[in-house]
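For reference, the structure discussed in these notes is given below.
The values are calculated or read from the model by the stated rules, or taken from the named source; none is laboratory data. Source: prediction; values computed, not measured. Here the Cβ positions follow ideal geometry from the backbone for every residue, glycine too, while neighbour counts run over all protein chains shown. We work out accessible area using only protein heavy atoms, side chains counted, and drop any ligands, DNA or RNA first. Shrake-Rupley method; radii C 1.70, N 1.55, O 1.52, S 1.80 Å.
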Amino acid sequence: MAKVENQIIDLTSRLIQIPSVNPPGYTVNIAGFIKDWLNNLGFRSEVREYAKDKPNVIARVGRGKPVLILNGHMDVVPPGDETKWVYPPFSGKVVEGRVYGRGATDMKGGLAVIMTVFAELAPLVERQGSGTLIFSATADEETGGHPGVEALVRDGVLIGDAAIVAEPSGGFRYYIGEKGLCQVKLVAVGRPAHGSLPILGDNAIMKLVRAINKAEELINEFNRGIKLPSELIDAIKNSAEVYLEASRASGLNLTLSDFERVVGTVSFNPGVVRGGSKINMVPDHAELELDMRVPPGVSPNQVIDYLRNGLGGMADVEVLDISEPNYTSPGETIVRLIHEGIERVLGVTPKPIIVTGATDGRYLRARGIPTVVYGPGELALAHAYNEYVTVEDLLRTHDVMVYAVKRFFGLEK
Ligand SMILES: [Zn+2]
């Protein structure tokens, strides 16, 4: 046990010491390190590069079904103002049971855990002929995962019967779904005139303001009609508890039902507004960039149709970016095994969660691969200054994953 513990701590620390900041998201060095690490243990791996200097590393052992994918991304977000870090962001310093640095939680800790689990169990899977285990360290998750998991799934490299994505859920929780993305632009067009005689023009800013208010009303109305998949009701309640807990630190006076609403309905965030060119002109153009996140059971296209119909001629609705919400049924084998692992190994009844942001899990689910997100770290620490992961959580998630993977392949009753 002590050997595994030291290996995970050391790996987490070394992965942090190899910067892979995105943007630009170059993964040449870290992919090289992982490839060598696997090679030294006798595992062959393959490198696939879909964008320059953004290689992915994939190792595969055993043959036939079932196929289980372990996945983690190698890129991290920028460290921001380095003077705000107690320990330098790429130190990987280990202090009092914590490993510090950019990516400790999101998700070099998780990568270290799946690398270790792979190294331990791949020989067993191979020897017993019980299926195929795939390890994948991928690029570009922080900016959409297009030359990473998306390309690997499209090429048939990451195809399997189940997947574990080791993003930070924390040892006692796991994620079964995520909201989808619906980002649109509302565009109002008017007629220009001199600012001293506004009655001769048609003010696009005023039209946009009315359209924004109307859009908010429409989304509220749409939300009243949403029917969530019944198997997700508990997960949405659990998520609300987690977000409420995390919000306490900021001193906001929000309630559980506020968070249930934000997780289980379409959220509404006007993010950017532009319009007009001069104070003494009646503006003929104004636009809003609107970010909405849609819960499982709702398609972004339904929301867009609803807005278009409801706004009529008030403003045009242009699509900026959409992605479907997605989830894996709590009844799927891989989800049940992680659930059971947390119960039996850690002695805690875990809570499945839906997250409001997107992970690479969406590409796997889009191909029908049951996917559970489970890994060390805390959501609140991802992308934060002084990011760290606790050694305890690294070990917890490792032990639960070993439990789940062994049973997935029938290596242990
Ligand atoms: Zn991540």
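Some points to look at:
- Value of Rg to Rh for segment 148-190, rounded to two decimals, is 1.21; Kirkwood radius and Rg both from alpha-carbon coordinates.
- Percent of alpha-carbon pairs separated by more than 20 Å within segment 249-402: 67
- Sequence ranges 67-75, 247-255, 214-222, 146-154, ranked by mean other-Cβ count within 10 angstrom, highest first: 67-75, 146-154, 214-222, 247-255
- Size of the chain from its Cα atoms: along the principal axes, largest to smallest, the extents are 82, 46, 44 Å.
- Rounded to the nearest whole Hz, the Karplus-based 3J(HN,Hα) values (6.51 cos²θ - 1.76 cosθ + 1.60, θ = phi - 60°) of segment 362-368 follow the sequence 5, 6, 5, 5, 4, 8, x, with x at glycine and proline.
- Centre separation in Å (Cα based) which lies between segment 64-103 and segment 292-349: 27
- The stretch between F172 and N220 holds 13.9 nm of extra length on full extension. This uses 0.36 nm per residue minus the Cα-Cα distance.
- Solvent-free Debye scattering, log10 I(q)/I(0), computed from the Cα coordinates of segment 146-277 at q = 0.09, 0.14, 0.17 Å⁻¹: -0.50, -0.92, -1.09
- Charge dipole magnitude, Cβ of K and R +1, D and E -1 - the chain, Cα centre, debye nearest 20: 500
- Carbon/sulfur fraction of accessible area - segment 165-222, other protein chains in place, 1.4 Å, %: 58
- In the frame of its principal axes, segment 55-126 has Cα extents of 51, 28, 15 Å, reported largest first.
- A crude spin-label estimate for the pair H285 and T333, with each label 7 Å from Cα along the Cβ direction, gives 5.6 nm.
- Amide H contacts of A162 (H built 1.01 Å from N, under 5 Å, at least 5 apart or other chain): V67, I69
- For the peptides 396-402, 40-46, 128-134, the ranking by packing is 396-402, 128-134, 40-46, with the highest mean count of neighbouring Cβ atoms within 10 Å listed first.
- Applying 0.36 nm per residue to the separation of R308 and V28 and subtracting their alpha-carbon distance, the gain on full extension is 96.3 nm.
- Mean accessible surface per residue for the chain, computed with a 1.4 Å probe while every protein chain stays in place, in Å²: 44
- Ranking by accessible area, most exposed first, for F259, F118 with a 1.4 Å probe: F259, F118
- Per-residue accessible area (protein heavy atoms, 1.4 Å probe) orders V77, V335 as V77, V335, starting from the largest.
- Residues in segment 120-147 reached by a label modelled at D321 [backbone nitrogen below 13 Å; 7 Å Cα→Cβ]: 141-147
- When the Cα convex hull of segment 125-200 is projected onto planes of every orientation, the mean area is 11.0 nm².
- A Förster radius of 30 Å, combined with the Cβ-Cβ distance separating Q128 from E343, puts the computed FRET efficiency at roughly 0.70.
- Distant-in-sequence amide contacts of H73, defined by a placed amide H-H separation under 5 Å and a gap of 5 or more residues or a different chain, comprise T138.
- Here each label is just a point 7 Å from Cα along the line to Cβ, and for A380 and L254 those points are 1.3 nm apart.
- Each of V273, A137, V61 was placed along the dipole of the chain (beta-carbon charges, centred on the mean Cα), and the one lying farthest toward the positive end is V61.
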